[in-house]
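See below for the structure under consideration.
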Amino acid sequence: MGTSFNDEELPPLTTEDVPSPEDVRSGPYVSPAQRVTLYSATEWESFVTEWAHTLTDRYVRVRQLGGAGDQGRDIVGYTAPTVDSPRDVYQCKHYSAPLMPSDVWIELGKVCWHTYKKHYPVPHRYYFVSPRGTGTSLSNLIEQPDELRSRLIDEWEDKCTKRITKAQSVQLKGHLRKYVDSFDFSIFDDVSPSELIRQHKQSPRHLARFGGSLPSLGQAPVPPTKIGPEETNYVARLLSAYAEHTQAKIECSIDIPEGHPCESHFRRSRQAFYDAEFLRAMSREQLGAAAYPALLDNVFDGICDVVDSDHVDGFARVKAATQAAAALQLTADPHETRLTPRRRMGTCHQLANNERVCWKKKK
């Protein structure tokens, strides 16, 4: 006979318990600070590497070295392109609690040993980075370099001698002891997880990691009177479409008949192109180099049949294509919240500029 359980029933759901559409799609919000604590050690190191790449005012080159044989250096940021340039080192620690002194003795020992052996130069700065930050006891030691050295010397035999390298035991005596006694322990520091996350917002991978929406674009610049070299292709294709429609020779914008619908269409088309270019520049900064070309591919797929269909002339074709672009369902695209009708139309002119579509029917 089975055992019965008389657990209390859950209370009925109220209107306050109804999940939002965002919760239904992706679950309750997880803050970036919480999210990084769920990373694996490998993911954490990749995140810190992405962050280091945003420090363009500090480093000309960033290398990820983490793994066996990294000699206590997970990530290195070089301040100049030369081989012997000053560099900062980042040691990634992904633990379930804030870093304590016992977590770093071996790393301090490795730095002393490998720089003593001239395996690499003494770093300008050496940072510990952990998703839960640095505990009070380690923070206090970092602020007291001489005490940090003294504690390392006390811990060396137990924490460092047999762990620095598998090739040999590293005894703290003789010339090595003198080296450690004179080593500048003020190079050691830490970077808080909040600072990492704040600065990582400059990375094109930030939204992919933490979600959120693209920043507001503001107003795109008004097209200058003079047509720029970057507009050559799409403008030429528009003028060809206008010439086909008006049955007149139109080789430059001043040839467009004054007051004709083509005149206002040309003005709107240039503004749409500039709006789309404005979005493209933001996309590269916020989403990386691949996101915007993928958007153009989606728009092309949505308008190609319209472009290939029969139209009375090129002017009718370009209007039909831009109207189709404005109506496209692009809810899965990361740009979706910033795709105004004008920017969608502008993507058509970008496609023309890239010579992927032509408004005048080929004979």
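Please treat every number below as a calculation from the coordinates, not as lab data. Only a predicted model underlies this, so the values are computations on that prediction, with no experimental measurement involved. A quick note on method: Cβ atoms are made from the backbone with ideal geometry, for glycine too, and the neighbour counts reach across all protein chains shown.
Here are the numbers for this structure:
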| read-out | value |
| --- | --- |
| In degrees, nearest ten, helix 145-159 long axis to first principal axis of the chain (Cα) | 70 degrees |
| Helical contribution to [θ] at 222 nm, DSSP H n ≥ 4, -39,500 (n - 2.57), averaged over the chain, rounded to 500 | -14500 deg cm²/dmol |
| Value of relative contact order over region 229-353, rounded to a whole percent, pairs C-alpha under 8 Å and six or more apart | 37 percent |
| In order through region 102-112: 3J(HN,Hα) via Karplus (6.51 cos²θ - 1.76 cosθ + 1.60), integer Hz, x for Gly, Pro | 5, 7, 10, 4, 4, 5, 4, x, 4, 4, 4 |
| At most 14 other Cβ within 10 Å, DSSP loop - trypsin sites (Lys or Arg not before Pro), region 174-255 | Lys226, Lys249 |
| Pairs beyond 22 Å (Cα-Cα), from Lys117/Lys166; Lys110/Lys178; Lys93/Lys118; Lys110/Lys173; Lys93/Lys117; Lys226/Lys360 | Lys93/Lys118; Lys93/Lys117; Lys226/Lys360 |
| ³J(HN,Hα) computed for each position of region 45-54 - Karplus, 6.51 cos²θ - 1.76 cosθ + 1.60, integer Hz, glycine/proline x | 5, 5, 4, 5, 5, 4, 4, 4, 5, 7 |
| Built amide H within the under 5 Å cut-off of Thr134, gap 5+ | Leu99 |
| Gain upon complete extension [Tyr120, Cys252; 0.36 nm per residue less C-alpha separation] | 41.3 nm |
| Residues Arg61 and Ala236, FRET efficiency given R0 of 41 Å [Cβ-Cβ distance, rounded to 0.05] | 0.50 |
| Antiparallel DSSP beta bridges within the chain, as percent of all bridges there, nearest 5 | 45 percent |
| Built amide H within the under 5 Å cut-off of Phe188, gap 5+ | Tyr126 |
| Relative contact order, percent, the chain [alpha-carbon distance under 8 Å, six or more residues apart] | 14 percent |
| Mean Cα-pair separation over length for region 56-207, i.e. relative contact order, pairs under 8 Å, 6 or more apart, % | 22 percent |
| Vicinal HN-Hα couplings computed from phi for region 247-264 (Karplus, 6.51 cos²θ - 1.76 cosθ + 1.60; Hz; Gly/Pro x) | 6, 10, 7, 10, 9, 8, 4, 6, 7, 5, x, 5, x, 6, x, 5, 5, 6 |
| Summed residue charge, Cβ within 13 Å of Ser139's Cβ, Lys/Arg positive, Asp/Glu negative | -4 |
| Region 229-353: Rg to Rh, with Rh as the Kirkwood radius over Cα pairs | 0.98 |
| Alpha-carbon centroids, region 93-134 and region 303-346: separation in whole Å | 55 Å |
| Antiparallel content of DSSP bridges confined to region 27-184, in %, to 5 | 55 percent |
| Expected-Rg normalisation [2.2 N^0.38 Å, Cα atoms] applied to region 32-208 | 1.03 |
| Per-q log10 I(q)/I(0), the chain, q = 0.14 Å⁻¹ (Debye; single scatterer per alpha-carbon; no solvent) | -1.08 |
| Acute angle (nearest 10 degrees) that the helix 314-326 long axis makes with the longest principal axis of the chain, alpha-carbon atoms | 40 degrees |
